[in-house]
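First up is the structure itself, then whatever we jot down about it.
The values are calculated or read from the model by the stated rules, or taken from the named source; none is laboratory data. Values in this document were obtained by computation on a predicted structure and should not be read as measured data. Here the Cβ positions follow ideal geometry from the backbone for every residue, glycine too, while neighbour counts run over all protein chains shown. Only protein heavy atoms, including side chains, enter the accessible area calculation; ligands, DNA and RNA are left aside. Shrake-Rupley method; radii C 1.70, N 1.55, O 1.52, S 1.80 Å.
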Amino acid sequence: MLRTRSFSSLREHLFGAPFDNSLGGTVPRHRHIVIATAVVACLTVAPGLAHAAGPGAATAPSAQPKPGKEAKTAGPIAPSALSTFQSPAEASVRQQDRSAAEGRQAAAAATANSSLAVGLHAETISAYSINLRTMLISDLAPLDLVIDWGDGTSDRYDGLNPGLSDRNHQYAKLGQYTVSVTVSDRSGGVSTNAVTLSTEGSEFTPYGPTRLLDTRDGTGAPAGRVQPWGETRVKIAGNGGIPAGVTAVALNLTAVEPGGAGHIIAYPGGTERPTTSNVNYVAGRTVPNLAIVPVGSDGYVNLANRGVGAVDLIADIAGYFTQNEAAGYTAVSPTRLVDTRDGTGTTRGQVPGWTSFSAQVTGRAGVPAGARAVALNVTVTDPNSDGHLTVYPGGGRAPSASNLNFYRGQTIANAVIVPVDAAGRIQVLNAADGASDVIVDVVGYYGDPGGSAYVAIEPLRLGDTRDSPNGGLPSQSYVYVDLSAGLPEYTGFVLNTTVTNTAADGHLTVFPDPNSLEQYYRGTNVWPAKPNASTLNWKAGDTVPNLVQANPGSHGIVDFWNASGGDIDLIIDMFGYYQNR
């Protein structure tokens with residue numbers, strides 16, 4: 001039996017043709033891409049400066065939005081082979097049908113159809129589903145086929161001819177299964193073959209937060225800054241309590257005091273380095289960003305420094321994914337849980353230095369009591385000194401890990417995945433000498449089995465407005481991107497958004513569009529109400545990345561809203577998706 005893994009065809013399936021998805025400090029202007037050649041509408045509204053991460057309703061449009069180009073959705077991903085499992089016809093085991101006549105009659109039947117065999121080729125086509133291709137080889141017809149799917153169910157097909165046939169099967173649970181296939185002729189010949197396979201999806205297990213890598217002191221790798229265009233790596237599988245079969249990991253990556261501008265690429269060990277990015281940085285500025293990264297077959301994640309200066313790197317783990325039942329993901333509409341500026345969810349007023357506060361998460365914003373971890377967007381604003389925030393389960397001791405590094409006066413956000421305590425709370429520590437305001441928005445949660453499973457893909461550049469003939473995203477405008485229209489099994493997308501060429505202070509909000517594609521095409525769409533939440537924040541001139549666990553909503557369309565007083569360029573990369581079947 002042979003197992004192979006192939007993501008290379010996804011880009012062609014998604015976009016119709018391969019293209020260069022270069023990213024990072026500079027991007028060549030050699031191709032016109034407007035948000036992944038997907039549906040894009042740049043909609044200009046009355047300008048107005050938005051406060052970073054602050055409240056405020058969407059400004060009414062000066063004109064009705066116009067429909068964009070026809071979308072290419074994530075649909076073509078579904079039939080793409082993510083993993084394959086094979087057992088050739090030569091592996092078939094010949095048996096004798098017990099119902100056949102004994103003695104010479106049975107022997108004659110076996111001799112008459114000595115070629116009877118079945119070859120098996122299985123492909124995962126979604127988080128829970130496979131396609132099984134059978135090759136029936138026989139000198140006689142008709143043939144009868146029985147497929148035992150390994151989960152207590154089976155199917156029978158009678159009266160078949162030799163040759164190829166395909167059948168799909170959806171498993172109720174993630175895991176490893178042995179599919180056994182038996183083919184028989186009408187003369188007593190029987191042949192059986194089997195293939196063992198794993199479902200493609202993975203579910204989440206909270207872990208930490210725990211520091212796995214710090215090049216400043218030699219934690220997890222030799223001490224020393226990662227040199228320009230150099231790499232380091234971090235051991236994931238088998239490290240501490242992390243199992244050997246881990247498929248992906250949630251890491252908070254921090255680039256510390258880089259010597260020049262550049263970006264960090266996180267990718268599976270033993271694979272080709274992609275051209276997307278996870279952390280963008282400038283000289284002298286410490287920058288964090290959460291990344292959900294596949295783990296290589298060697299158990300490592302590689303970290304490449306694609307910059308002109310040396311940099312120290314930190315990696316803190318928040319949890320890992322495995323191909324079995326754990327905690328499934330459920331997206332919720334972005335909702336503000338905490339804002340110390342107005343007392344939402346906690347005491348009003350800045351959080352003093354070196355103090356923490358707790359916040360109730362479960363029972364609010366659609367997060368149930370059974371949630372084990374939550375996906376958040378955490379923002380610090382108006383800090384009175386340099387420092388960092390650490391987010392951890394409520395009531396516990398703060399770990400030696402960080403989620404969000406900041407400078408005095410900076411407004412910056414970062415995605416956070418964190419376990420909740422038994423009471424459903426989180427704790428936030430302001431690890432700084434000065435006080436700071438803190439904002440917490442929830443975007444989803446990981447609960448008991450039954451949520452959606454994660455499928456990692458080869459990183460895809462969905463779009464870059466720097467390559468668009470229409471220019472950047474105007475002030476107080478949004479673009480809508482069809483990621484999964486008509487495909488409700490896609491329940492979330494793991495994206496990395498980066499803003500650059502920012503003309504004014506502001507923030508980006510990513511949220512599900514209330515309109516369908518049909519409404520856009522017919523011109524009956526309504527102007528979306530931007531939620532009181534933010535995804536990433538910037539000051540004029542900044543280049544800022546942040547991971548987004550985007551909720552496609554009921555229509556499969558995601559909006560990206562520029563809540564600032566000036567134009568921005570927007571880059572969107574896709575790293576994986578969640579499916580519920």
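Which one is farthest from G119 (Cα to Cα) among residues in region 191-225 that are over 26 Å from the mean Cα position of the chain (by Cα) and buried (at least 22 other Cβ atoms within 10 Å of the Cβ)? Among those residues, the one meeting the criterion is T215.
Of all the listed residues (D505, D437), the sole one being touching a Phe, Trp or Tyr at 6+ places or on another chain (Cβ under 8 Å), open to solvent by 10 Å² or more (accessible area, probe 1.4 Å) and in contact (Cβ under 8 Å) with a residue 24 or more places away in the chain is D505. Applying the criterion of being of a type outside the set (A, V, I, L, M, F, W, C) and assigned to a strand (DSSP E or B) to the residues of region 128-148, the residue that is farthest from P162 (Cα to Cα) is S129.
Selection of region 272-287 for residues being in contact with a His (Cβ under 8 Å, 6 or more places away or on another chain) and either assigned to a loop (DSSP other than H, G, I, E, B) or within 27 Å of G241 (Cβ to Cβ) (or both) yields S277, N278, V279. For region 477-495, filtering for residues that are farther than 15 Å from Y578 by Cα, surrounded by 24 or more Cβ atoms within 10 Å (Cβ to Cβ) and out of contact with any helix residue (DSSP H, G or I) (no Cβ under 9 Å at 6 or more places or on another chain) leaves 2. Condition test on V279, is it within 26 Å of the chain's Cα centre (by Cα) and over 30 Å from W229 (Cβ atoms)? Judged against the criteria, V279 is not a match.
Within region 327-343, the set of residues being open to solvent by 10 Å² or more (accessible area, probe 1.4 Å) and either among the aliphatic types (A, V, I, L, M) or over 25 Å from P206 (Cβ atoms) (or both) comprises A331, V332, R341, D342, G343.
Out of contact with any Asp or Glu (no Cβ under 6 Å at 6 or more places or on another chain), aromatic (F, W, Y), closer than 26 Å to G471 by Cβ and not in a loop (DSSP other than H, G, I, E, B): does that describe W527? Judged against the criteria, W527 is not a match. Residues in region 245-256: is at least one among the small types (G, A, S) and closer than 30 Å to S92 by Cβ? Yes, the conditions are met somewhere in region 245-256. For region 524-580, the tally of residues that are open to solvent by 20 Å² or more (accessible area, probe 1.4 Å) and on the phi > 0 side of the Ramachandran plot stands at 2.
Please verify whether V311 is closer than 11 Å to L251 by Cα and aliphatic (A, V, I, L, M), treating the condition exactly as stated. So V311 does not fit the description; no.
Within region 344-377, the only residue that satisfies the criterion of being at pLDDT below 95 and loosely packed, with under 12 Cβ neighbours inside 10 Å is A369. Checking each residue in region 452-471 for being open to solvent by less than 20 Å² (accessible area, probe 1.4 Å) and over 12 Å from the mean Cα position of the chain (by Cα) picks out R461, L462, G463, D464, T465, D467, S468. Looking at V295, V234, V308, V256, just one residue is among the β-branched types (V, I, T) and either open to solvent by less than 10 Å² (accessible area, probe 1.4 Å) or in contact with a helix residue (DSSP H, G or I) (Cβ under 7 Å, 6 or more places away or on another chain) (or both), and that residue is V234.
Among the residues of region 398-419, those identified as over 21 Å from the mean Cα position of the chain (by Cα) and of a type outside the set (D, E, K, R) are A398, P399, S400, A401, S402, N405, F406, Y407, G409, Q410, T411, I412.
In region 237-253, of all residues being more than 25 Å from L429 (Cα to Cα) and touching a strand residue (DSSP E or B) at 6+ places or on another chain (Cβ under 6 Å), the one that is surrounded by the fewest Cβ atoms within 10 Å (Cβ to Cβ) corresponds to G245.
Screening the candidates N496, N515, N470 for the property of being under 29 Å from G370 (Cα atoms) and not small (G, A, S) yields one hit, N496.
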